[in-house]
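Structure, as structure tokens:
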Protein chains: 2
Amino acid sequence: MRSIPHPGTAELDLPTVMGALADPARVAIVRALAAEGEAACGTFELGLSKATRSHHFRILREAGLTLTRTEGTKRLVSLRRDDLDARFPGLLDAVLAAAERGAPVRA
Amino acid sequence: MRSIPHPGTAELDLPTVMGALADPARVAIVRALAAEGEAACGTFELGLSKATRSHHFRILREAGLTLTRTEGTKRLVSLRRDDLDARFPGLLDAVLAAAERGAPVRA
């Protein structure tokens, strides 16, 4: 099995992380992962094609925001909260709070 | 005199703000403005052409990160800290702290 490449924690780069969050769909994915933990990529609908979703998951993974692993035929994705908090303390929480204000979850 | 357009505070959009910070030169401008206050656009060298610098200032202004005003023949730019703090509390400080960790200012 070919392993999926991820940047190390020390390699996390602020402009690259910001770029990964420069899209509403990717912010929505990060919010959902923060709220619900690891999830299969296929469970995210977002009103997007599978190719577009895959693109977004790749951007998030390559920026170091998410960890993608395979389990059988599934791809599971989770937020690299500990790595992000270690590299950029407070940034993820501030982004999640800002996302909450920007687009409140409907009750 | 034609006024320079800026988004209102309520219009500040998280993915757009993140996109404005997805470039090292723009992060460097924001850090300098946070540290030193209002400055003439022309005082930023950054090793870039004037056209590229103008592009970066436009992206920052249109995202609502900065205020640009004219004074005589100069363009003065400042950080919209109060507006950003009102719309997305804690976000700017977290970004500035992350930028500091990512690229420490040399003594």
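Selection of first residues in the stretch B:20-44 that are away from chain A (no Cβ under 14 Å) and of second residues that are part of a loop (DSSP other than H, G, I, E, B) and open to solvent by less than 40 Å² (accessible area, probe 1.4 Å), restricted to Cβ pairs under 9 Å at least 6 apart or on distinct chains, gives the following pairs, ordered by first then second residue: B:A32/B:F44; B:L33/B:L65.
Tell me the residue from A:L46, A:L76 that is touching an Asp or Glu at 6+ places or on another chain (Cβ under 7 Å) and among the hydrophobic types (A, V, I, L, M, F, W, C), please. Before you say what the answer is, go through the steps one by one.
Numbers: A:L46 fails: touching an Asp or Glu at 6+ places or on another chain (Cβ under 7 Å).
Within the list A:L46, A:L76, the selection yields A:L76.
Exactly one residue out of A:R53, A:R69 is touching a Phe, Trp or Tyr at 6+ places or on another chain (Cβ under 7 Å), at negative phi and among the charged types (D, E, K, R), and it is A:R53. Within the stretch B:55-74, the set of residues being among the charged types (D, E, K, R) and touching a strand residue (DSSP E or B) at 6+ places or on another chain (Cβ under 6 Å) comprises B:R61, B:R69, B:K74.
Of all residue pairs spaced 6 or more apart or on separate chains, those with beta-carbon atoms under 9 Å, a first member in the stretch B:72-92 that is away from chain A (no Cβ under 13 Å) and over 15 Å from B:E11 (Cβ atoms) and a second member that is outside any helix (DSSP H, G or I) and of a type in the set (S, T, N, Q) are B:R75/B:T68; B:L76/B:T68; B:L76/B:T70; B:V77/B:T66; B:V77/B:T68; B:S78/B:T66; B:S78/B:T68; B:L79/B:T66. Out of the stretch B:1-19, which residues are open to solvent by 50 Å² or more (accessible area, probe 1.4 Å) and away from chain A (no Cβ under 12 Å)? Within the stretch B:1-19, B:M1, B:R2, B:S3, B:P5, B:H6 meet the criteria. Select, from B:T70, B:T66, the only residue that is of a type in the set (V, I, T) and at pLDDT below 95. Selected residue: B:T70, the only one of B:T70, B:T66 that is of a type in the set (V, I, T) and at pLDDT below 95. So, A:G72, is that one open to solvent by less than 60 Å² (accessible area, probe 1.4 Å) and more than 20 Å from A:A99 (Cα to Cα) or not? It is false that A:G72 is open to solvent by less than 60 Å² (accessible area, probe 1.4 Å) and more than 20 Å from A:A99 (Cα to Cα).
Is the stretch B:51-59 home to any residue that is in contact with a Ser or Thr (Cβ under 8 Å, 6 or more places away or on another chain) and modelled with pLDDT under 95? Steps first, please.
Of all residues in the stretch B:51-59, those in contact with a Ser or Thr (Cβ under 8 Å, 6 or more places away or on another chain) come to B:57.
Imposing the further condition that a residue be modelled with pLDDT under 95 reduces the set to none.
No: zero hits.
The values are calculated or read from the model by the stated rules, or taken from the named source; none is laboratory data. Since the model is a prediction, treat every value here as computed from it, not as a measurement. Backbone-built Cβ (ideal geometry, glycine too); neighbour counts: all protein chains shown. With ligands, DNA and RNA removed, areas are computed over all heavy atoms of the protein, side chains included. Shrake-Rupley method; radii C 1.70, N 1.55, O 1.52, S 1.80 Å.
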